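**Q** First, the structure itself, so that you have it in front of you.
What follows draws every value from the coordinates through simple rules; no lab data is involved. These numbers were taken from a predicted model, which means no experiment stands behind them. Because the Cβ atoms are built from the backbone with ideal geometry, glycine has one as well, and the counts that use them run over all protein chains shown.
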Amino acid sequence: MVQPESPPPAGLDDLLTTIERVIVGKRHVVRLLMVALLCEGHVLIEDVPGIGKTLLAKTLAAALDCTFRRLQFTPDMLPSDITGSNVFNQQSAQFEFRAGPVFANVVLADEINRATPRTQSALLEAMEERQVSVDGVSLALPRPFLVAATQNPVELEGTFPLPEAQLDRFLLRLRIGYPSAGEEAEILERFARDDPVSEVGPAVDVSSLLAWQRRRASVRVAPDVRDYLLGLVRATREHADVALGASPRAALGVYRACQAWALLEGRDFVIPDDVKLLLAPALAHRLVLSAGGRLRGASADAVLQSVLDGGEVPVEAP
């Protein structure tokens with residue numbers, strides 16, 4: 001059984017509280033977003049319209065004392081609209097680089113699946129290597145760097161599916177879900193008069209965030225827990241309903257995400273329950289089902305649940 005969530009350490013708790021002043025009743029989703037932040041990973045927020053995908057990313061940026069840029073993806077967007085380009089300056093008679101919106105700490109890629117594959121690919125280098133290349137020159141992006149992308153899974157007209165190479169660069173896929181009746185009533189009360197995002201102030205500065213990211217890297221993962229994690233990842237590659245299982249990058253992503261979750265729980269070590277909780281958010285979007293699996297009505301979540309059911313859980317705590 002997965003243990004109940006504990007309050008995060010001081011500092012991170014301030015960030016959680018600040019975000020929850022806007023986002024109602026989605027503490028688990030907010031904590032997963034904080035996991036990505038601690039890992040300096042990227043998140044794909046996928047859900048139906050009106051759930052609060054964009055609001056969640058904007059609130060995170062407002063709660064951090066860092067730069068934020070929003071990209072509204074459209075079919076006519078060009079790669080240079082993301083990365084920037086060299087522009088000729090007539091006064092100096094030289095080309096000058098004008099940085100694009102990707103040069104920010106938090107980048108909201110809104111409706112990312114509305115851009116063409118060529119434009120989507122402009123984010124690949126930025127997401128993996130934290131740099132962009134323009135006219136043969138590589139330029140480093142600011143740190144920390146997080147891409148929060150949103151997409152609507154039910155509207156297919158005028159969209160372009162994200163390729164597997166890009167999906168594999170997202171640390172987590174989040175689904176917000178509809179609020180309960182009480183939560184929806186609170187949303188009406190909270191947003192009836194003013195936009196609460198405008199009242200959100202920075203709860204964590206960049207230096208503190210970088211310190212938390214370094215602390216995350218020092219969270220211990222015992223050999224038996226590591227082997228348990230790797231066994232689950234490898235099982236996805238051998239599953240009958242899966243054509244393309246989780247990659248080594250995915251295994252590293254689960255490993256780091258478990259460290260971050262343990263840190264949010266106030267622990268300096270990872271337990272098997274951390275692996276169980278984070279396996280689906282970290283791997284479901286990376287699996288490619290086989291044709292037979294799709295015909296049988298299989299889903300990535302069902303595959304991962306069967307992998308968890310077949311895994312041998314370590315019995316000794318770290």
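**Q** Quick one: which residues, 5 or more positions from PHE97 or on another chain, have an amide H under 5 Å from its amide H? H modelled 1.01 Å from N in the peptide plane, none for Pro or chain starts.
**A** Result for PHE97 returns VAL87.
**Q** Give or take rounding to whole Å, what are the principal axis extents of the alpha carbon atoms in the chain, in descending order?
**A** 70, 45, 40
**Q** Amide H neighbours of LEU146 under 5 Å, counting only residues 5+ apart in sequence or on other chains, H built in-plane at 1.01 Å?
**A** Counting only residues 5 or more places away or on other chains, the set is VAL106, VAL107.
**Q** Given springs between every Cα pair under 10 Å in a Gaussian network model of the chain, which of ASN86, ASN113, ASN105 has the largest fluctuation?
**A** Looking only at ASN86, ASN113, ASN105, the largest GNM fluctuation is found for ASN86.
**Q** Hey, got the Cα dimensions of the stretch 91-189 along the principal axes, in Å, largest first?
**A** So the three principal-axis extents are 62, 30, 27 Å.
**Q** Which residue, PRO142, PRO79, PRO223, has the most motion in a Gaussian network model of the chain that connects Cα atoms within less than 10 Å?
**A** Greatest mean-square fluctuation among the candidates belongs to PRO223.
**Q** A further question on this structure: Identify, among PHE73, PHE103, LEU32, the residue whose Cα sits farthest towards the positive end of the charge dipole of the stretch 1-121, taking +1 on the Cβ of Lys and Arg and -1 on the Cβ of Asp and Glu, with the dipole about the Cα centre.
**A** Of the candidates, PHE73 comes out farthest on the positive side.
**Q** When only Cα pairs under 8 Å and 6 or more residues apart are kept, what is the percent relative contact order across the stretch 1-149?
**A** 24
**Q** Rounded to whole Å and sorted largest first, what semi-axes of the equivalent ellipsoid does the C-alpha gyration tensor of the stretch 226-273 yield via the square root of 5 times each eigenvalue? Don't skip to the end; give the middle numbers.
**A** Working: eigenvalues 120, 20, 11 Å².
Semi-axes (√(5λ), whole Å): 24, 10, 8.
**Q** Then there is this: What's the Cα-based Rg to Rh of the stretch 60-137, Rh via Kirkwood?
**A** Working: Rg = 13.7 Å, Rh = 13.6 Å.
Over the Cα atoms of the stretch 60-137, Rg/Rh equals 1.01.
**Q** Hey, another quick one. Find how much the distance from VAL197 to PHE88 grows on full extension, using 0.36 nm per residue of separation minus their present alpha carbon separation; answer in nm with one decimal.
**A** Working: separation 109, 0.36 × 109 = 39.24 nm, distance 3.86 nm.
Length gained between VAL197 and PHE88: 35.4 nm.
**Q** How large is log10 I(q)/I(0) at q = 0.13, 0.18, 0.25, 0.28 Å⁻¹ when the Debye formula is applied to the Cα atoms of the stretch 255-296, each weighted equally and without solvent?
**A** -0.38, -0.56, -0.80, -0.91
**Q** Dipole of the chain, Cα-centred, from +1 at each Lys and Arg C-beta and -1 at each Asp and Glu C-beta, to the nearest 20 debye?
**A** Values: 32 positive and 41 negative charges, 104 e Å.
Around 500 debye, computed over the chain.
**Q** With an 8 Å cut-off on Cα pairs and a minimum separation of 6 or more residues, tell me the relative contact order of the chain in percent. Don't skip to the end; give the middle numbers.
**A** On the way: 536 pairs, mean separation 74.3, N = 318.
Over the chain, the number comes to 23 percent.
**Q** Return the single residue from ALA104, ALA185, ALA300 with maximal mean-square fluctuation; model: Gaussian network over the chain, springs between Cα atoms under 10 Å.
**A** Answer for the Gaussian network model of the chain: ALA185.
**Q** Please list 3J(HN,Hα) in residue order for the stretch 217-229, calculated via the Karplus relation 6.51 cos²θ - 1.76 cosθ + 1.60 where θ = phi - 60°; whole Hz, with x for glycine and proline.
**A** Coupling constants for the stretch 217-229: 5, 8, 5, 7, 10, 5, x, 5, 5, 4, 5, 4, 4 Hz.
**Q** With an 8 Å Cα cut-off and a minimum separation of 6 or more residues, compute the relative contact order for the stretch 219-318 in percent.
**A** Details: 134 pairs, mean separation 38.6, N = 100.
Reported as a whole number, the value is 39 percent.
**Q** Treat every Asp and Glu Cβ in the stretch 219-318 as -1 and every Lys and Arg Cβ as +1, leave all other atoms uncharged, and give the resulting dipole magnitude about the Cα centre to the nearest 20 debye. Walk me through the numbers on the way to the answer.
**A** Details: 11 positive and 12 negative charges, 98 e Å.
Dipole about the Cα centre, nearest 20: 460 debye.
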